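Only one structure is covered here, and it is reproduced in the block below.
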Amino acid sequence: MDVKKIRLKRGNIVDEDVDAIVNAANSSLMGGGGVDGAIHRAAGPEMHEECLAIVNKMGRLEPGKAVITGGGSLKASYVIHTVGPIWHGGNRGEEEILRNAYHNSLKLAEGKGLKEISFPSISTGAYGYPVDLAAKVAIETVSEFLKDKDMVVNFVLFDDRTYEAYKNAFDAYEREN
């Protein structure tokens, strides 16, 4: 696989100057803690209003699904909001939901013709998904999607432990493929 299609970096996703960033949202799309709250605060009221309109039209966003809004005050033009799974020990379809969250976000980006998007580590904060397992799912899902696509995906990881988990997952995927 072309390693230039996936980049790992330490940082804060709200600072990304890309076509779209992905928000690890909650089902209400109204912001909260962690990445979700940081993105809502940085994007400002314009994005919040778009989220309100989406929820008023279609209700709460189900885990694994994704929607797109403008980026408001962010450098990124768009924000793709996806809801990851809450970890319950791995026996309630968490892996499939997490795969769907990444895949559906990528499909939205592709549908908009976006060339570079940045993901956080979905579900590994308050939702409790073990970071090593989540990193493996994320790297596999994104790598498979990008095989025949002209798109770059950044994983913007907030701390050293998360970065190392993604680096290990990326290196393992590269060895196996």
Which numbered condition residue 124 fails, given (1) out of contact with any strand residue (DSSP E or B) (no Cβ under 6 Å at 6 or more places or on another chain); (2) of a type in the set (S, T, N, Q); (3) in contact (Cβ under 8 Å) with a residue 40 or more places away in the chain
(3)
Go through segment 41-59 and give me each residue that's under 18 Å from residue 27 (Cβ atoms), surrounded by 20 or more Cβ atoms within 10 Å (Cβ to Cβ) and of a type in the set (A, V, I, L, M).
47
Of the residues that sit in segment 121-155 and are outside any helix (DSSP H, G or I) and basic (Lys, Arg), which one is surrounded by the fewest Cβ atoms within 10 Å (Cβ to Cβ)?
147
Please tell me if residue 172 is crowded, with 22+ Cβ neighbours inside 10 Å and either assigned to a helix (DSSP H, G or I) or of a type in the set (D, E, K, R) (or both).
no
Across segment 88-120, what is the total count of residues that are touching a residue at least 60 places away in the same chain (Cβ under 8 Å) and either in a loop (DSSP other than H, G, I, E, B) or of a type in the set (Ser, Thr, Tyr) (or both)?
6
Filter segment 7-31 down to the residues that are surrounded by fewer than 22 Cβ atoms within 10 Å (Cβ to Cβ), out of contact with any Gly (no Cβ under 6 Å at 6 or more places or on another chain) and either assigned to a strand (DSSP E or B) or free of Cβ contacts under 8 Å to residues at least 60 places away in the same chain (or both) and list them by number.
7, 8, 9, 10, 17, 27, 28, 30
Which residues, counting only those in segment 32-65, are at pLDDT 95 or above and not in a helix (DSSP H, G or I)?
44, 59, 60, 61, 62, 63, 64, 65
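The values are calculated or read from the model by the stated rules, or taken from the named source; none is laboratory data. Because the structure is predicted, anything quoted here is derived from the model rather than measured. Note: ideal-geometry Cβ built from the backbone for every residue, glycine included; neighbour counts use all protein chains shown.
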